[in-house]
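See structure below.
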Amino acid sequence: MKTMRLLGSLLSAALLLVGCSDNTPKQVAIGFDQIELKAPANFTSCDLIGGTYTFTNINTGVVTELEYPLSVDATVAEGLYNVKFEGEAEVSVDLTKADGEEGAESAITVKVQGVQTNVVVKADGSFSLSLSLSVVPKAEGGFVISEIYYVGSAYAPDASGKQKQYNGDAYIKITNNSDTVLYADGLAFVESQFTTSSKLDYTPMVRDEAITVDAIFVVPGSGKEHPVQPGESIVICDNAQNHKEADESFMDLSKADFEWFTNSTLAAYPDIDNPAVPNLEVYYCYTATIFVMNKQGTKAYAIVRIPEGTTKESYLNEYTYEAYYTNVLGNPTKPAKYYKIPNEWVVDAVELRGYKYEFAWPVFDPSFDISYTYCGDLNAGSIDYGTAVRRKVAYTTEDGRTVYQDTNNSAEDFERNVVPSMR
């Protein structure tokens, strides 16, 4: 979910230890020395009007909300937290003009938010929190990912209760959330290289400037071949077939707009091409067989706009980097080659969490999505095959057009475990 880049420092807070019994977590008082809020880059001033810090204890699930500005008796128990800030700010924006004209400033009120994961609050008062704030976009914008069916389908359980998985009917739905005609030509669907369930400290870490991807599928066209009307959607999918022929509960994707066809080189895993449905152009895909969306939900997905004039060849030559990470033994790994997408190209992004994995970190810059969505039951650690995540409706216009909610917070923006619209 696209927003402005984050810089600048506004505020800090310190922690003082308060007494507590030896049998319960110690409470730590929040002061004004170690919380840092960073403003978006082109704001020349930013005054917070109010807001809420939400501390979610990763181990216990206990949620503590603290209002901004913090009161003198604000406390949080020692522990490991994911922390989110949501609020409003009065800001002045630097409006740079072209042709040597002097710049101008515009004062506006905006909603802002930020998030940091794995924040340690120690009993001795040790604490550090740095939140890069981003502007929450208005509900009505450009293209958004309105539905993701990534877990796929499965046949009915056998006598032992096991379900056989079915591949091929995964899809995403992309909707024109604006009030004007948009064109899908050059729009790309990408999957993250890194997983949300495992955070590795890569060197270099490019997250603040680019997303790292393992698959890039691009809508073909010269620029205006694939118009999408306001409120209308396109469906891109794995195999554009009527999968109900295998089981009535599966998806009918025979009328999808585009499919990804990877032309598998392994006979045991053939890819199926529907000649009646256009293929997405494969800029890059990590696998030489079939590409299947991550059923465990430990990847993130985005739609990006490939700039005009950028070809597959020029992209593959210009947008790579090498990185390594330090393994559990403290040794650096051998540098590997990765493909990246500049953050400026990102149109919309959604972080997912695995149904049986902790959410370790947002693999894309948090300005795109400060939280995550998922299918399944996190408490039971189980997956619900045949369910999807779907973006919530913000409102309906007078002429009947649906406008979807987009606050850069997938935990709030998406309904979970819903019946797929393509069933």
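Side notes on the structure shown:
- Summed over the range 206-223, the residues that are at pLDDT 95 or above and either farther than 18 Å from Trp345 by Cβ or of a type in the set (Ser, Thr, Tyr) (or both) give a count of 1.
- Long-range neighbours under 8 Å by Cβ, at least six apart or interchain, first residue closer than 19 Å to Val63 by Cβ within the range 18-29, second modelled with pLDDT under 60 and open to solvent by less than 60 Å² (accessible area, probe 1.4 Å): Lys26/Val18; Lys26/Cys20; Gln27/Val18; Gln27/Cys20; Val28/Leu15; Val28/Val18; Ala29/Leu15; Ala29/Val18
- Of Tyr374, Tyr385, Tyr404, all but one fail to be touching a Gly at 6+ places or on another chain (Cβ under 6 Å) and open to solvent by 10 Å² or more (accessible area, probe 1.4 Å); the exception is Tyr374.
- Count of the range 29-67 residues which are in contact with a Gly (Cβ under 6 Å, 6 or more places away or on another chain) and either within 18 Å of Ser128 (Cβ to Cβ) or open to solvent by 60 Å² or more (accessible area, probe 1.4 Å) (or both): 2
- Condition met for Thr310 (at pLDDT 95 or above and farther than 30 Å from Tyr357 by Cα): yes
- Counting only strands (runs of 3 or more DSSP E) that sit completely within the range 231-343, those holding 2 or more residues that are under 19 Å from Met422 (Cβ atoms), in contact (Cβ under 8 Å) with a residue 24 or more places away in the chain and touching a Lys or Arg at 6+ places or on another chain (Cβ under 8 Å) correspond to 233-237.
- Cβ-Cβ distances below 6 Å connect the following pairs, each with a first residue in the range 101-126 that is at pLDDT below 70, a second residue that is in a loop (DSSP other than H, G, I, E, B), and a separation of six or more residues or different chains: Gly103/Thr96; Gly103/Lys97.
- Single unsatisfied condition, Gln116 versus (1) closer than 30 Å to Gln27 by Cβ; (2) assigned to a loop (DSSP other than H, G, I, E, B); (3) under 15 Å from the mean Cα position of the chain (by Cα): (2)
- Test: residue in the range 201-214 that is under 12 Å from Phe143 (Cβ atoms), open to solvent by 10 Å² or more (accessible area, probe 1.4 Å) and in a loop (DSSP other than H, G, I, E, B): no
- Considered as a group, the residues in the range 264-285 that are surrounded by fewer than 13 Cβ atoms within 10 Å (Cβ to Cβ) and of a type outside the set (A, V, I, L, M) include one that is nearest to Tyr385 (Cα to Cα), and that residue is Pro270.
- Number of residues in the range 72-88 that are open to solvent by less than 10 Å² (accessible area, probe 1.4 Å) and not in a loop (DSSP other than H, G, I, E, B): the value is 4.
- Residue list for the range 162-193, restricted to those being open to solvent by less than 20 Å² (accessible area, probe 1.4 Å) and of a type outside the set (Gly, Ala, Ser): Asp169, Tyr171, Ile172, Ile174, Thr175, Asn176, Asn177, Asp185, Leu187, Phe189, Val190, Glu191
- Ser146 meets all of the listed conditions (1) open to solvent by 30 Å² or more (accessible area, probe 1.4 Å); (2) part of a strand (DSSP E or B) but one, namely (1).
The values are calculated or read from the model by the stated rules, or taken from the named source; none is laboratory data. This is a predicted model, so every value here is computed, not measured. Reconstructed Cβ throughout: ideal geometry from the backbone, glycine too, with neighbour counts over all protein chains shown. These area figures cover heavy atoms from the full protein model, side chains too; ligands, DNA and RNA do not enter into them. Shrake-Rupley method; radii C 1.70, N 1.55, O 1.52, S 1.80 Å.
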